[in-house]
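Bear in mind these aren't lab numbers, they're just calculated from the coordinates by the rules spelled out. In this text the structure is predicted, and so the values were computed from the model without any measurement. Using ideal geometry, Cβ is built from the backbone for each residue, glycine included, and neighbour counts are taken over all protein chains shown.
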Amino acid sequence: MDAHGVAALDPALDTFPKLVRRNAERIPGKVAIREKDYGIWQSYTWRDYYEQARLIALGLASLGFRRGDKLVIVGDNRPQLYWAVMATQALGGVPVPVYQDSVEKEMEFVVDHAEARFAVVEDQEQVDKLLLVMNACPRLERVIYDDARGMRAYAAPSLMGLAELQEAGKKFEVGHPTYLDEEMARGRADDVAIICYTSGTTGMPKGAMLSHRNLLVTARNAAAFDGVGPDEEILSYLPMAWVGDHVFSYAQAIALGFTINCPESAATVLHDLKEIGPTYFFAPPRIWENILTTVMVRIEDCAWPKRRLVQLFLGLAQEMERARLDRRPVPAWRRLLYPLGRLLVYAPLRDNLGMRRVRRAYTAGEAIGPEIFVFFRALGINVKQIYGMTEASVFLTIQKDGDVRLDTAGTPIPGVELRISSEGEVLYRSPGVFQGYYKNDEATRQTREDGWVRSGDAGFLDADGHLRIIDRAKDVTRLADGTLFAPKYLENKLKFSPFVKEAVCIGQDRPWVAALVNIDLTAVGNWAERRNIAYTSYTDLSQKPEVYDLIAREVARVNRSLTEDAVLRGAQIRKFLILHKELDPDDEEITRTRKVRRGHVARKYAALIDALYGDRDHVQVEAQVTYEDGRTGTIRAAVSIREVAP
Amino acid sequence: MSDPLLEVRDISVRFGALLALDRVSVEIARGEILAIIGPNGAGKTTLLNVISGFYHPYEGRIVFEGRDRTRLAPPDVAALGIARTFQNVALFKGMSVLDNIMTGRLLKMRGSFLLEALYWGPARRQELAHRAIVERIIDFLEIQAIRKTPAGRLPYGLQKRVELARALAAEPTLLLLDEPMAGMNVEEKEDMCRFVLDVTQEFGTTIALIEHDMGVVMDISDRVVVLDYGQKIADGPPEQVRKDQAVLDAYLGVAHD
């Protein structure tokens, strides 16, 4: 390995298909993928992995797949879809995973922009969308599906079952016995391995091209940095279209030869997590929040002796964890009580969440609320923050064991160099730096600055070399009087409350900060039921005066905690309102990865925002909503505005 | 009809002085979805109850797969391959979804009490085989996430789905659904429609269903039978029945007032 952490890659093992073949030879009987199907975890070994993917590749070859062709992949995490990724790469093609909950319009953009000729999808839901997309994208020739359910009557000649494709592959191999090995041998480390379309908080998605070398070197460097080994078990439950899943479930799994587990369905993830007990786990902050909310709701539902006991010990552990993170000494009586807490509360709870075996868990994508972070660490789950992005093949920094802090994202992994620009933006160089955006040189150029890549995030390196991210560079702004205002920082603080699902803070060039809040229906609904507050719908619940009181207390809590921060204490929330509908990716208010699209929200709710800065106590609204089937409708409501005592 | 799966010939049912069904004849062809519609009290549920053996007609015959079985009791009817769901959900509330669906396999289970209790030998193999079939149905109806949930804790729409699962677990040739979509919201109805259509496609099951939602009826049924005051007033494809004057009268209330 040279100074930049770039190892020269062995040409016989420089692409993922070659590595899968190596795994099939060296560890043929080791489980590569498990999938829960028909209630049982079904296992596929590395030999199965390679054999299945090989047949898919040969089948594609029989359909005339050429080097450089793009193949769209849509569906939940399924072994068949991971095999399709390898099959495509084996033929020198480029897989393009698409978010499975994309509406037709979004899918059409990607299929058209990527010039995809083939698609491998999970089931009828995706086939229906792609058949519609096909009308506008004549380049798309074949749609191959895994689950035939409900499609007996489908007659489109472009449709084909995956089993049928693999049969065709077997026949093709008889006439071309060396075809696949030759194609695989032509693969090079610098070939594009995948195009990941970034969901983008602004504008149309951009397709980031990552090469085998980018992914392989970064995956290995990160694993070496943090001691990730070949015996890991992970749960592959995050969208395949997201680069994180590709790196954890595909790149690292293949490079290290560990086992990935595909949940039974999106609704069973938490249950499957418990059954698998992963050793290596990744979740974006919103998942940690969801888990925390579920735990909090269950604690609230306990009988009081149990509840008091749990709250007592959780409080103790969180105090200790805070002290440890702040490098403060922990009082002896707390240290003495901790083993009792572990016996009674922490270990059972950790086991119940399926995190008993977790050696390291990562959170990234957005800043995590400090309270959430402390909660899980206090239970003894080694949650660590990492920082990265699609354009860097994910990993830039990781918190090392024993060097975990509340407000940083850790130190750079081998091969990564960081620099802060004069405007305060984080710049990086690494072997994982992407090849560019597909067919968008202009956007690629905008990310480059003197040989460095712009992250788009504002941050700084502290005295110990830890990276601290403040916010999106373009979002860190100032109030009218020049006070520094970092909206996401405030929003994360609000979102720690189990009652707050989403929040948008406004304040740029305004006299003070105002917030739009989304309540969490599960938590607030539960809270309301226990207090005999009747409600009919989300909209109705959101406008109850009692709910406003509840949220006002949360806002006051955030304001109190803000007074401790010297830089940001001026930006406290003065007024807030509770939105009458949930922010929804179908309405383009948040991205599919649940990041708020600030610009869009500001435009859409301009009337509400104006009212926040006016002197009325409520405002009438009408909002367009898009249902899951694409139809639109209108919601009318009177939204109250609440001022919080400073 | 060349090869009807079930023939109901000139059936009459009487409750005291009330003639609930008055010489009604219906044929159900293999693989079709037949909708039975009609105003309240028209005799729709009575007709299903006669087919499933809950009531016995005082005149008329029922022929299933070519054999007369007018006088059979419900368990015997079920053993022939006719399963049903109920207008009001009839699940074991305290039992898990999985166990509820397993009860749909009861008629197929053989073996001694002792072996079952010991979970040994043939009893164990049998249990596993039944569980495999049940899991296939759970997957089919997309209820994996509630497998272990007590049925009584589920929302109504899901209870209906579990009931359908239990009926399917009997691997019926003919499935009778009594208002499968009653009380559901639009989204739940759409899901249920898809499942009903998929059932015939996937398992080749013939379906007779009672439904009030005309949109649903028109969308999914191959044929519609209309009952009114115990009499059959129309029988044909949905488009034709929709325009039938007698049907319009029955629904618009001309005959009622």
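Partner shielding of B:131-144 amounts to 3, given as the average count of beta-carbon atoms from other chains within 10 Å of each residue beta-carbon.
Thinking of the range B:135-257 as a set of Cα atoms, what percent of all their pairs are more than 27 Å apart?
Working: 1962 of 7503 pairs.
Tail fraction, whole percent: 26.
The helix-based estimate of mean residue ellipticity at 222 nm for chain B, built from -39,500 (n - 2.57) per DSSP H run of four or more residues and divided by its residue count, is -11500 deg cm²/dmol to the nearest 500.
May I ask you to order A:519-529, A:326-336, A:244-254 by the average number of other C-beta atoms within 10 Å around their residues, highest value first?
Values: A:519-529: 18.8, A:326-336: 10.1, A:244-254: 25.6.
Going from most to least packed, we get A:244-254, A:519-529, A:326-336.
Extension gain, A:Trp333 to A:Asp464, is 44.0 nm, computed as 0.36 nm per intervening residue step minus the present C-alpha separation.
What order do you get for A:104-117, A:74-87, A:537-550 when each peptide is scored by the mean count of other beta carbon atoms within 10 Å, highest first?
Numbers: A:104-117: 20.1, A:74-87: 25.6, A:537-550: 17.2.
For the peptides A:104-117, A:74-87, A:537-550, the packing ranking is A:74-87, A:104-117, A:537-550.
Measuring r between the beta carbons of B:Gln240 and A:Glu546 and using R0 = 60 Å, the FRET efficiency lands at 0.60. Distance between the pseudo-spin-label points of A:Glu529 and A:Ala136 (7 Å out from Cα toward the beta carbon): 4.1 nm. Seen against the Cα atoms of chain B and their longest principal axis, helix B:156-169 is set at about 80 degrees. Applying a DSSP loop filter and a limit of 12 other Cβ atoms within 10 Å to the trypsin sites (Lys or Arg not before Pro) in the range A:465-547 leaves A:Arg531. Each listed q (0.12, 0.19 Å⁻¹) maps to a log10 I(q)/I(0) for the range B:1-59 from the Debye sum over equal C-alpha point scatterers, namely -0.29, -0.70.
Averaged over peptide B:199-211, the number of partner chain Cβ atoms lying within 10 Å of each residue's Cβ comes to 1.
Working ranking of peptides A:31-39, B:152-160, B:117-125 by packing, defined as the average number of other Cβ atoms within 10 Å per residue, highest first, is A:31-39, B:152-160, B:117-125.
Please compute one quarter of the surface area of the Cα convex hull for the range A:140-225 and express it in square nanometres. Provide the component values of the computation, followed by the final result.
Working: hull surface 40.4 nm².
Projected area, direction-averaged: 10.1 nm².
Please give the residues of the range B:21-52, grouped as numeric ranges, whose backbone N is less than 14 Å from a label point set 7 Å along the Cα-to-Cβ vector of B:Glu65. Within reach of a label on B:Glu65: B:30-31.
From a point 7 Å beyond the Cα of B:Thr149 in the direction of its Cβ, which residues of the range B:80-95 have a backbone N at a distance under 17 Å? Correct set: B:89-95. Excluding same-chain neighbours fewer than eight residues apart, the aspartates and glutamates reachable from B:Lys108 by a Cα-Cα span under 20 Å are B:Glu65, B:Asp76, B:Asp99, B:Glu116, B:Glu127, B:Glu135, B:Glu163, B:Glu171. Placing +1 on each Lys and Arg Cβ and -1 on each Asp and Glu Cβ, with no other charges, gives the range B:1-160 a dipole about its Cα centre of roughly 520 debye.
Helix-only arithmetic for chain A: the sum of -39500 (n - 2.57) across DSSP H runs with n ≥ 4, divided by the residue total, places the mean residue ellipticity at 222 nm at -11000 deg cm²/dmol.
List the relative contact order of chain B as a percent without decimals, with contacts defined as Cα pairs under 8 Å and 6+ residues apart. Walk me through the intermediate numbers first.
Details: 447 pairs, mean separation 69.0, N = 257.
RCO, chain B: 27 percent.
Calculation over all alpha carbon pairs of the range A:49-93 in 10 angstrom steps from 0 returns a P(r) of 32, 57, 11 percent. Farthest towards the positive end of the charge dipole of the protein assembly as shown, among the residues A:Leu215, B:Val26, B:Gly53, is the Cα of A:Leu215, using unit charges on the Cβ of Lys, Arg, Asp and Glu. For the protein assembly as shown, the Stokes-Einstein estimate of translational diffusion at 37 °C and a viscosity of 0.692 mPa s comes to 106 µm²/s, using the Kirkwood hydrodynamic radius over alpha-carbon pairs.
Computed from Cα positions, the angle between helix B:186-203 and the longest principal axis of chain B comes to roughly 70 degrees. Positive end of the dipole of the protein assembly as shown (Cβ unit charges, origin at the Cα centre): among A:Val476, A:Trp242, A:Ala114, the Cα lying farthest that way belongs to A:Val476. What is the magnitude of the charge dipole of the protein assembly as shown about its Cα centre, with +1 placed on the Cβ of each Lys and Arg, -1 on the Cβ of each Asp and Glu, and no other charges, expressed in debye to the nearest 20? For this selection, approximately 2780 debye. Bridgeable lysines around A:Lys495 (alpha carbons under 24 Å apart, same-chain partners fewer than 8 residues away excluded): A:Lys384, A:Lys474, A:Lys544, A:Lys575, A:Lys581, A:Lys595, A:Lys604.
Bridging of A:Lys30 to lysines at a Cα separation below 25 Å is possible for A:Lys18, A:Lys170, A:Lys274, once same-chain residues fewer than 8 apart are set aside.
Please give the charge dipole size of the range A:599-646, origin at the Cα centre, charges +1 on K and R Cβ atoms and -1 on D and E Cβ atoms. Round to the nearest 20 debye.
Details: 6 positive and 7 negative charges, 19 e Å.
With only Lys, Arg, Asp and Glu charged at Cβ, the dipole is about 100 debye.
When the Kirkwood radius is taken over all Cα pairs of the range A:550-646, what Stokes-Einstein diffusion coefficient follows at 25 °C and 0.890 mPa s, in µm²/s? My calculation gives 161 µm²/s for D. Rg and Dmax, both from the Cα atoms of the range A:443-494 and both in Å, are 13.6, 38.
Mean sequence separation of contacting Cα pairs (under 8 Å, at least six apart), scaled by the length of the range A:173-270, corresponds to a relative contact order of 22 percent. Stokes-Einstein, applied to the Kirkwood radius of the range A:40-161 over Cα pairs at a viscosity of 0.692 mPa s and 37 °C, places its translational diffusion at 227 µm² s⁻¹. Relative to the longest principal axis of the Cα atoms of chain A, the long axis of helix A:104-114 makes an angle of roughly 50 degrees.
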